[in-house]
Amino acid sequence: MHDFYSDTQTRPTRAMREAALDVPLGDERHDADPPTLELCARVADMLGMEAALFLPSGTMCNEIAIAVHTRPGDEVICTRESHIIFAESGGPAALSGVMMHPIDSERGMLTPEQLGAAIRPRSAHAPRSRLLVAEQTANLAGGAIWPLEQLNAVALAAQQSGLATHLDGARLLNAQVATGIPAADYARGFDSAWIAFTKGLGCPVGAVLAGPRDFIAEAWLLKRRWGGAMRQTGVLTAMCLYALDHHVDRLEEDHALAQSIGARLSELSVIKSVMPVETNIVIADLADHAPDARETARRLREKNVTVTVVGHKRLRIVTHLDVGPADADVLLAALNGID
């Protein structure tokens, strides 16, 4: 299978699996698992935060952060394409009892002016604007990278208006590798942030949420309450540590492959347009005469190629460590055969 569905489809390499064989283990609930403690310390330092905790998924990172930063009835401001809206099963409403205030944006990025217009004046008749959530990189905008100046300006505007700030950093390291700007610089204006290990870094499980110590203490409470506390997590976090040491710089390869695919897609008659490609995500709109996205994806599966349907005529193609140029050739040939 030539799997461009998502960078979540990666499999741990043999070297990554072997990294977990001989590590010392303990109970993470009692701060007794050495690899997990090391991973959390490293990520907290990478993000310029005081503390961090290991969680099973990025969705749990987002949902715990929302719950800590808000109270039921509050309102969360984000872009309409945000992961917390389209891919977390209504978690903010179900788990935290908050309302969402989605903003139409340019490539998944707000401006301070848009944020200011969205913040509600205090009133007994309206929900309280409480939290800004930004996503770096912007998934449904084709892995677009927030410019550092714009991200900092929006975060500052939020804080000056009394909002808490949270950075969904699922692909934050893709932004770091693409621009050379440290992850801590992107996270500087945020009260909490996280990075994923199950996407471009190739791990089977895990994300790490970081923030101030009191925030992490509250996050630990919800981690236990929601069933996310585990025991000997070192068998997982050892693989995450391996990924930090060996799989970050190679994200450049994913970006180069995605840019090559984007350029070649633009030459196909079945493709109407391709969003600018900045990292490892390619968003392509099908031509008017082409089948819709679901039918196109079905035909591609018949040729052992998988992609994501993200709109009636829109496909998402994601590169990662388990696909290469030969897989891209198969993908493009399969698309070229669709009319």
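The values are calculated or read from the model by the stated rules, or taken from the named source; none is laboratory data. Nothing here was measured: the structure is a model prediction, and the numbers come from that model. Please note: Cβ atoms are built from the backbone with ideal geometry, for glycine as well, and neighbour counts cover all protein chains shown. Side chains are part of the model used for accessible areas, which takes the heavy atoms of the whole protein and leaves out ligands, DNA and RNA. Shrake-Rupley method; radii C 1.70, N 1.55, O 1.52, S 1.80 Å.
Screening residue 273 with (1) open to solvent by less than 20 Å² (accessible area, probe 1.4 Å); (2) of a type in the set (Ser, Thr, Tyr); (3) farther than 25 Å from residue 170 by Cα gives one miss only, at (1). The residue pairs whose first member lies in segment 203-214 and is under 9 Å from residue 51 (Cβ atoms), whose second member is in a strand (DSSP E or B), and whose beta carbons are closer than 6 Å, counting only pairs six or more residues apart or on different chains, are 210/52; 210/193; 211/192; 213/51.
Can you name every one of the strands (runs of 3 or more DSSP E) wholly within segment 61-139 that holds 2 or more residues which are in contact with a strand residue (DSSP E or B) (Cβ under 7 Å, 6 or more places away or on another chain) and over 26 Å from residue 44 (Cβ atoms)?
Values: elements: 75-79, 99-103, 129-135.
The strands (runs of 3 or more DSSP E) meeting that bar are 75-79, 99-103.
If the condition is being closer than 29 Å to residue 277 by Cα and of a type in the set (Gly, Ala, Ser), then segment 119-166 contributes 134, 138, 141, 142, 143, 144, 153, 155, 157, 158. Working only within segment 140-150, note down all residues that are crowded, with 24+ Cβ neighbours inside 10 Å and outside any loop (DSSP other than H, G, I, E, B). Of everything in segment 140-150, those that are crowded, with 24+ Cβ neighbours inside 10 Å and outside any loop (DSSP other than H, G, I, E, B) turn out to be 140, 144. In a residue-by-residue description of segment 149-167, the property of being closer than 21 Å to residue 42 by Cβ and in contact (Cβ under 8 Å) with a residue 24 or more places away in the chain applies to at least one position. Could you tell me whether any residue of segment 309-323 is open to solvent by 30 Å² or more (accessible area, probe 1.4 Å) and under 16 Å from residue 256 (Cα atoms)? Within segment 309-323 (the criterion being open to solvent by 30 Å² or more (accessible area, probe 1.4 Å) and under 16 Å from residue 256 (Cα atoms)), the answer is yes, since at least one residue qualifies.
For first residues located in segment 1-14 and under 26 Å from residue 284 (Cα atoms), partners that are part of a helix (DSSP H, G or I) and aliphatic (A, V, I, L, M) and lie 6+ apart or on another chain with Cβ distances below 7 Å form the pairs 2/330; 2/331; 4/331.
Could you list, in sequence order, the residues of segment 30-60 that are part of a strand (DSSP E or B), open to solvent by less than 10 Å² (accessible area, probe 1.4 Å) and either without any contact (Cβ under 8 Å) to a residue 40 or more places away in the chain or of a type outside the set (Phe, Trp, Tyr) (or both)?
Matches in segment 30-60: 53, 55.
Consider segment 84-104 and keep the residues that are hydrophobic (A, V, I, L, M, F, W, C) and either open to solvent by 30 Å² or more (accessible area, probe 1.4 Å) or modelled with pLDDT under 95 (or both). The one that is nearest to residue 73 (Cα to Cα) is 99. When segment 288-303 is filtered for residues that are touching a strand residue (DSSP E or B) at 6+ places or on another chain (Cβ under 6 Å) and surrounded by fewer than 16 Cβ atoms within 10 Å (Cβ to Cβ), only 294 remains.
Taking segment 151-164, which residues are part of a helix (DSSP H, G or I) and either over 22 Å from the mean Cα position of the chain (by Cα) or of a type in the set (A, V, I, L, M) (or both)? Don't jump to the end; show me each part of the working.
Step one: of segment 151-164, the residues part of a helix (DSSP H, G or I) are 151-160.
Matches in segment 151-164: 151, 153, 154, 155, 156, 157, 158, 159, 160.
Restricting attention to segment 128-179, the residues that are more than 15 Å from residue 107 (Cβ to Cβ) and either modelled with pLDDT under 95 or hydroxyl-bearing (Ser, Thr, Tyr) (or both) add up to 4. Of all positions in segment 276-290, none carries a residue that is in contact with a Cys (Cβ under 9 Å, 6 or more places away or on another chain) and assigned to a loop (DSSP other than H, G, I, E, B). Do we find a residue being open to solvent by less than 50 Å² (accessible area, probe 1.4 Å) and either in contact with an Asp or Glu (Cβ under 6 Å, 6 or more places away or on another chain) or free of Cβ contacts under 8 Å to residues at least 24 places away in the same chain (or both) anywhere in segment 110-124? No: zero hits.
This table checks each residue for (1) in contact with a Phe, Trp or Tyr (Cβ under 7 Å, 6 or more places away or on another chain); (2) at pLDDT below 95; (3) farther than 16 Å from residue 337 by Cα.
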{"residue": "204", "(1), (2), (3)": "no, no, yes"}
{"residue": "209", "(1), (2), (3)": "yes, no, yes"}
{"residue": "220", "(1), (2), (3)": "no, no, yes"}
{"residue": "224", "(1), (2), (3)": "no, no, yes"}
{"residue": "248", "(1), (2), (3)": "no, no, yes"}
{"residue": "258", "(1), (2), (3)": "no, no, yes"}
{"residue": "280", "(1), (2), (3)": "no, no, yes"}
{"residue": "286", "(1), (2), (3)": "no, no, no"}
{"residue": "304", "(1), (2), (3)": "no, no, no"}
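Within segment 202-261, the set of residues being under 21 Å from residue 44 (Cβ atoms), among the small types (Gly, Ala, Ser) and crowded, with 16+ Cβ neighbours inside 10 Å comprises 206, 207, 210, 211, 219, 228, 229, 234, 238, 243.
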